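Got a structure here, written out as structure tokens. Questions coming.
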Amino acid sequence: MEEICKATKNFSRSLKIGEGRFGTVYKGRLKDGTLVAVKRAKKHDRPLVADFQREIQTLALVEHLNIVKFYGHLDHKDEKIVVVEHVPNGNLREHLDYVHGNALDFAVRLDVAIDVAHAVTYLHMYTDHPIIHRDINSSNILLKENLRAKVADFGFARLAANSEWGETYVSTSVKGTLGYVDPEYLRTLQLTEKSDVYSFGVLLVELVTGRCPIELKRGAEERVTVRWVMKKFYDGDAILTLDPRLQRSPANNFIVEKILEVALQCLAPHQRNRPTMKKCAEILWSIRKDFKEFPASDSLSSNA
């Protein structure tokens, strides 16, 4: 605890970098100079105890370029603290809201999607036990200074169990973020890797449109972004869903159609009809390759 206090200057307000469901996040510097994010849980909040245990158990199992690095945790009296790497450039939602200045161009958005797909594929396929993140959303995607993405916040993560049919699932109460939760999981309480795939589909829609999944200030037809996008796509008007701060260009027109095709597969009502995250990563990588073949001037963002 003494080391944590030194790292955060006794949890100085000047080092506070975020506030979330778990508690408050502070920027800190360990004695060896390493910059870290110190997540301090709200005290006397019993449901958070389970989230704290889940997060440290999951983070201890994973190591991937596109997942926040875990340095350690502290469970001391009424203090529950998780220490992870500091990712300095805010989260994806902030960038889509232009909190950090210019709009993310489409090449960057596609790279972010690929980074997230790789991270979640790793969780589903390449850990000792499949891990279901259960809270893939734009606020949990952190961006480095070079705008590459890292997946964070494993407080809702669950280890999947193998069924006799070779599938992985877990029966559990519903948790997640409004607008991202798999409707089949809501209905059946059967959580599978395909529940993460649904959330990833919502994230892809968010990257194309720049909109939040739920936009209460908009008219009824546009309030649920995924439904609005689906209608536009099937009406042949996919380009109308493009974030207005991005130019319409041959490159961007192409990528809107292609990304929304993947997104709508991920958003299939039934889990069995959704692609795996590995398949999503492969398709997105192919789209990125094709996108690069357009002249650079075709994919620039506007000066909005």
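The values are calculated or read from the model by the stated rules, or taken from the named source; none is laboratory data. None of the values given here were measured: they were computed from a predicted structure. Cβ: placed from backbone, ideal geometry, glycine included. Neighbour counts: every protein chain shown.
Please pick out the residue among Gly166, Gly155 that is at pLDDT below 95 and either within 16 Å of Val68 (Cβ to Cβ) or touching a Ser or Thr at 6+ places or on another chain (Cβ under 6 Å) (or both).
Just a single option satisfies the conditions, and that option is Gly155.
Okay, moving on. Filter the range 208-227 down to the residues that are farther than 19 Å from Leu104 by Cα, touching a Lys or Arg at 6+ places or on another chain (Cβ under 8 Å) and hydrophobic (A, V, I, L, M, F, W, C), then identify the one that is surrounded by the most Cβ atoms within 10 Å (Cβ to Cβ).
Only one residue tops the list, namely Ile214.
When the residues of the range 93-107 are filtered to those that are among the hydrophobic types (A, V, I, L, M, F, W, C) and under 17 Å from Leu203 (Cα atoms), which remaining residue is modelled with the lowest pLDDT?
Checking each candidate, the answer is Ala103.
Anything in the range 233-265 that is under 21 Å from Glu215 (Cα atoms), surrounded by 19 or more Cβ atoms within 10 Å (Cβ to Cβ) and of a type outside the set (A, V, I, L, M)? List them, or say none.
Within the range 233-265, Phe233, Thr241, Asp243 meet the criteria.
Taking the condition small (Gly, Ala, Ser), touching a residue at least 40 places away in the same chain (Cβ under 8 Å) and in a loop (DSSP other than H, G, I, E, B), does Ala103 pass?
yes
Given the structure, is Ile255 modelled with pLDDT of 95 or more and either in the same structural domain as Tyr185 (by TED's automatic domain parsing) or farther than 16 Å from Arg109 by Cα (or both)?
no
If you don't mind, there's one more thing I want to ask. Of everything in the range 243-272, what is more than 20 Å from the chain's Cα centre (by Cα) and in a loop (DSSP other than H, G, I, E, B)? Give them in sequence order.
Pro244, Arg245, Gln247, Arg248, Ser249, Pro269, His270
Oh, and also: Among Gly33, Gly23, which is the only one that is surrounded by 13 or more Cβ atoms within 10 Å (Cβ to Cβ) and at pLDDT below 95?
Step by step, each of Gly33, Gly23 is checked, and only Gly23 is surrounded by 13 or more Cβ atoms within 10 Å (Cβ to Cβ) and at pLDDT below 95.
Further question on the same structure: Determine the pairs where a residue that is closer than 13 Å to Leu203 by Cβ, located within the range 124-149, has a partner that is part of a loop (DSSP other than H, G, I, E, B) and of a type in the set (Val, Ile, Thr) with Cβ atoms under 7 Å apart, the partner being 6 or more residues away or on another chain.
Listed pairs, sorted by first residue: Asp135/Thr177; Asn137/Thr177.
What number of residues in the range 77-97 are buried (at least 17 other Cβ atoms within 10 Å of the Cβ), among the charged types (D, E, K, R) and over 30 Å from Ile114 (Cβ atoms)?
Qualifying residue count, the range 77-97: 1.
Looking at the range 120-143, which of the residues that are part of a helix (DSSP H, G or I) and over 10 Å from the mean Cα position of the chain (by Cα) is surrounded by the fewest Cβ atoms within 10 Å (Cβ to Cβ)?
Selected residue: Met125.
Now for a different question. Being out of contact with any strand residue (DSSP E or B) (no Cβ under 8 Å at 6 or more places or on another chain), of a type in the set (D, E, K, R) and not in a helix (DSSP H, G or I) is true for just one of Lys31, Lys43, Lys6, Lys80. Which residue is that?
Answer to the check: Lys31.
Can I ask one more? Test of understanding: among Gly201, Gly179, Gly210, which residue is on the phi > 0 side of the Ramachandran plot and modelled with pLDDT of 95 or more?
Being on the phi > 0 side of the Ramachandran plot and modelled with pLDDT of 95 or more holds for just one of Gly201, Gly179, Gly210, which is Gly210.
I'd like to check something: does the range 56-76 contain any residue that is part of a loop (DSSP other than H, G, I, E, B), surrounded by 18 or more Cβ atoms within 10 Å (Cβ to Cβ) and under 13 Å from the mean Cα position of the chain (by Cα)?
Yes, the range 56-76 contains at least one residue that is part of a loop (DSSP other than H, G, I, E, B), surrounded by 18 or more Cβ atoms within 10 Å (Cβ to Cβ) and under 13 Å from the mean Cα position of the chain (by Cα).
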